[in-house]
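Engineer: Below: one structure in structure tokens.
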Ligand SMILES: [Zn+2]
């Protein structure tokens, strides 16, 4: 096996390793974080807080209506209790009752509106609670599979890391350095030659260079500088 064909293999193994590392990272992220669920939870919290405010508002109106009813009862007691006999005072009491009653009607209307709001926000909260629960359920169901996948990919990552290290040690520092330098500069260090063309830059290679590459010599493309590999 020529040096360049081993470098080509190393390159493929390292690419696989990078992909597995990415998959591992994605898997860990998915295990620890579910953006859809987090968004639904945030939305639910916002609805719950609106519901809390709507209930407080309703309760305030409830008390106000209750107070007004107490006031009207007090005025009526005075009006019909017989303790007040002065006609002027009786008329004024009657007017007070009517004015408080009008005020009460306004408050009662507001109370009904507030009750409607509470009801509709309660429905919203129920829908969102259901959504959060079902997202949490499916995440819980997905997790064992993700845990298994993480274990498998972790094992593959360590196997591939080990394999790359072994190949690099066998190749020696000089070859590895040349390979790394080209990879850093060009992204891909070793490219195939197909129909006399360098697959890195797509230029036709001089016959002499191509033949040397075919013989397994370590040669660089004169144009893009990548190592040439002939299968
Ligand atoms: Zn080239």
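Since every read-out is calculated from the coordinates, none of them should be taken as a lab result. Not measured: the values here are computed from a predicted model. Cβ coordinates were reconstructed from backbone atoms using ideal geometry, including for glycine residues, and neighbour counts include every protein chain displayed.
Engineer: I'd like the distance between the alpha-carbon centres of the range 168-225 and the range 1-72, rounded to an integer number of Å.
Structural biologist: 47
Engineer: To continue, here is another question. Where does helix 173-186 land angle-wise versus the long Cα axis of the chain, in degrees 0 to 90, nearest 10?
Structural biologist: Result, in degrees: 50.
Engineer: Cα atoms only: what Rg and Dmax, in Å, come out for the chain?
Structural biologist: Answer for the chain, Rg first and Dmax second: 40.5, 129 Å.
Engineer: Helix 35-80 versus the longest principal axis of the chain: what angle, 0 to 90°, nearest 10, using Cα atoms?
Structural biologist: 0
Engineer: Relative to 2.2 N^0.38 Å, what does the C-alpha radius of gyration of the range 40-168 come to as a ratio? Two decimals please.
Structural biologist: Computed over Cα atoms of the range 40-168, the ratio equals 2.33.
Engineer: A further question follows. What distance in nm separates the simple spin-label points at residue 162 and residue 142, each placed 7 Å from Cα in the Cβ direction?
Structural biologist: For the pair residue 162/residue 142, the computed spacing is 3.2 nm.
Engineer: If I fit a long axis through the Cα atoms of helix 3-32 and take the longest principal axis of the Cα atoms of the chain, what angle between them do I get, 0 to 90°, rounded to 10?
Structural biologist: Roughly 10 degrees, rounded to the nearest 10.
Engineer: Shifting gears a bit: When 139, 63, 210 are ordered from fewest to most other Cβ atoms inside 10 Å of their Cβ, what list results?
Structural biologist: Least crowded to most crowded, the residues run 63, 139, 210.
Engineer: Can you tell me how much longer the chain between residue 150 and residue 184 gets when fully stretched, taken as 0.36 nm per residue apart minus their C-alpha distance, in nm with one decimal?
Structural biologist: 9.3 nm
Engineer: What nm distance separates the two modelled labels at residue 109 and residue 29, each placed 7 Å from Cα along Cα→Cβ?
Structural biologist: 5.5
Engineer: Each label point is 7 Å from the Cα along the Cα-to-Cβ direction; what then is the distance between the points at residue 1 and residue 202, in nm?
Structural biologist: My value for the distance between the label points is 3.2 nm.
Engineer: Could you work out the relative contact order of the chain? I mean the mean sequence separation of Cα pairs under 8 Å and 6+ apart, divided by the number of residues, in percent.
Structural biologist: 31
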